[in-house]
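In what follows, a single structure is set out as structure tokens and then discussed.
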Amino acid sequence: MVLSTQQIKRRISADPSSEGFGRREAENDSARMLHQLVAPVDMASRGEGQKAGVRAVRGRLGDIATILNQANSEIPLPADVEAFLQQQRPGLDQFRELLRKGPAPQWARDDSALERAPCPNLLELMFMQKVLAADALSAEKRGDHDKAWQTLEAQWVLARALWSRPELISNLIALASTRMINAAARKLPAPAPIWWREVEAFDVDRNLQQTMEYEKWQMTQRVMSKERGAGPVQRLGVLVSGPIERYLASNIFDYYDELGKKPLDCREFKPGPDAGDHFLSRLGVGSSLNGVRTRFARFILERELSSKVLALKEARRSGHQIPDVSPSRCGTWQMANVDGRIKIRYAGVVPQTVSPIVPMPLELTF
């Protein structure tokens, strides 16, 4: 069924989830200061005006996920990355403390600008998250446990600010950042600091629902804005494309609504990408959204692993008995003592992500 512009407008107005959209916010001083601190670190990592060997540092930082996701407690940080971190020490320390002690960064937001809406420099922020993750591992490798946890705390403040953004792309960067924090945390000693409880309690389901609500609001707003702002010549095109776009918008509205309000359950995801039978899947919309849900579902298990590893480390430190099994939201965790070390592995359905996502192994020996 093809809905009219007015019908689409009434559906949006009747949807309570759209009430918080249309906001406009200004960038704050913290966001501007972070950008100023990132610039010299970013330039140095590119090796501009320096020897060619320095350029390799940026590529090695890009591989930080591989280091984080090893199924053991080792920290094989490359020597040139260690040297780079020491060279950038003053700026990194300032960056970390600004995040930990200053107001949380807030970037410009203008929902009504639609496809021209401002967005943080996500490439820049993702780069700094990798640098911070490497710096946390470097501190842990030196035996400075407090500094390692403090660096992860700074990462979490930055990730949490990105989670508060409405658009899907910022939430995906926030998810990638939180996965790095989570993977690094399981390599650190127990007990975890108080702020770690925020990571454990973060409502992934609710955040995904809010993001889906915003994306469906944006989609339908774009359709209506084309018809409102069309001039005489553009109206001819709208006569042809308008019904098609309204049809797609109404179906995307329903599909986003269905996916956003459906609780994440690892058991519903079959191995490999599976977008279901919805016709939007054949247009590339369904597979993309289902892939997003798979990433979020996978993170739930990855976070469970880190929490259980830290709890097991604390139990071992306190001399408590290690259980053989532990419940999971989607399956079971199995523990065993192997040559004086603890091995934990997940037994259950595992959501399979696709490239370029590097999945964290759902097992660890420590």
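Here, each number is a calculation from the coordinates, and none is a lab measurement. Everything quoted here is computed from the prediction, not taken from an experiment. Don't worry about glycine lacking a Cβ; one is built from the backbone with ideal geometry, like all the others, and counts go over all protein chains shown.
Kindly put LEU37, LEU305 in sequence by how many other C-beta atoms sit within 10 Å of each C-beta, fewest to most.
LEU37, LEU305
Of LYS147/LYS187; LYS130/LYS216; LYS141/LYS313; LYS101/LYS313, which pairs sit farther than 20 Å apart, going by alpha carbon to alpha carbon?
LYS130/LYS216; LYS101/LYS313
In terms of the ratio Rg/(2.2 N^0.38 Å) built on C-alpha atoms, what value belongs to region 98-169?
That ratio works out to 1.31.
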